[in-house]
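Structure, as structure tokens:
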Amino acid sequence: MIGFGEIIALLLSLGGFGVTTNPSPPTPEQSLAYAMPEAELVVHLDLVPVVPGNYKVLTKLAEDPAVKAVPELRDMVRQLTGQVDAGRGMAQGLLGLDVVQDLSSATAFLRFVPQRDPSYVLAVRGKFPADLVAKAAQLSGGTASKVGALAMADLGDENALGLTRDGVLLLGTATLVKARLADTWRAPARAAGSTLGKMAEVLATQPFFAVGGALGLLRLLYTSPSPRDGLLSRM
């Protein structure tokens with residue numbers, strides 16, 4: 001029987017998986033428009049270079065001769081593909097959202113609070129149905145409310161979901177989501193040398209993945225630009 005390590009090695013040896021180039025990557029201004037000024041950790045992912053192409057490869061992987069030649073691997077790939085398709089279909093059926101084609105990028109901002117869950121905001125760019133927030137409130141058993149003209153869904157446990165005027169989906173700590181849906185919201189300043197300032201410089205290089213933060217005395221930055229080589233350095 002083929003071992004798990006051998007299966008992983010064989011999958012990694014197959015061609016097709018990889019990172020492509022996004023012809024219209026998000027700008028730093030777009031990615032940081034709903035940032036937490038005091039964020040201690042920022043994680044950014046450009047989904048366009050990663051998700052659609054690799055999903056297409058995954059759906060055809062079970063027919064690859066190298067995979068078909070190993071029954072255990074073939075069955076595992078079919079099971080994985082079925083689970084991915086089931087999740088995609090559920091999101092489409094319940095929310096009208098195609099998680100493969102409709103999402104373009106996501107940027108998360110976190111601040112760690114002693115003896116409490118982190119405060120956070122996840123800003124997702126893409127194409128979202130107008131009734132997504134209402135459907136999310138119904139599915140979660142939460143309540144829907146209005147912040148000015150915009151809908152917000154209370155998801156429970158101090159979490160909320162909302163869709164901004166420029167079509168960005170916000171998920172996070174309820175007070176933070178509400179503040180960002182308000183008419184008075186303005187993108188925070190990005191002082192030179194700050195976490196947001198450094199992230200703006202990094203995002204200008206159009207990476208598909210970047211992590212930045214300031215945790216105590218430790219300041220780290222990791223980016224994997226596409227199609228450039230990855231970079232690991234101190235902020």
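Computed from the coordinates by the stated procedures, all read-outs in this text should not be read as laboratory data. Note that the structure is predicted; figures quoted are calculated from it, not measured. Note: ideal-geometry Cβ built from the backbone for every residue, glycine included; neighbour counts use all protein chains shown.
Calculate the FRET efficiency for A192 and E158 from the Cβ-Cβ distance with a Förster distance of 45 Å, rounded to the nearest 0.05.
Working: r = 33 Å, r/R0 = 0.74.
According to the calculation, E is roughly 0.85.
So, by mean Cβ neighbours within 10 angstrom, what's the order for 36-47, 166-177 with the highest one leading?
Working: 36-47: 20.6, 166-177: 18.7.
For the peptides 36-47, 166-177, the packing ranking is 36-47, 166-177.
What size of dipole, in debye to the nearest 20, comes out for the stretch 74-116 about its Cα centre when the only charges are +1 on Lys and Arg C-beta atoms and -1 on Asp and Glu C-beta atoms?
Numbers: 5 positive and 4 negative charges, 52 e Å.
Its charge dipole is roughly 260 debye.
What full-extension length gain, to one decimal in nm, is calculated for E29 and K127 as 0.36 nm per residue of separation minus the Cα-Cα distance?
33.4 nm
What ranking, highest mean first, results for peptides 17-28, 196-207 when packing means the other Cβ atoms within 10 Å averaged over each residue? Each step should come with its number before you reach the end.
Values: 17-28: 14.3, 196-207: 19.9.
With the highest mean Cβ count within 10 Å placed first, the list reads 196-207, 17-28.
Which order do the peptides 181-189, 96-104, 76-84 come out in when sorted by mean C-beta neighbours inside 10 angstrom, highest first? All intermediate terms of the calculation are to be shown ahead of the outcome.
On the way: 181-189: 12.2, 96-104: 17.2, 76-84: 14.3.
Going from most to least packed, we get 96-104, 76-84, 181-189.
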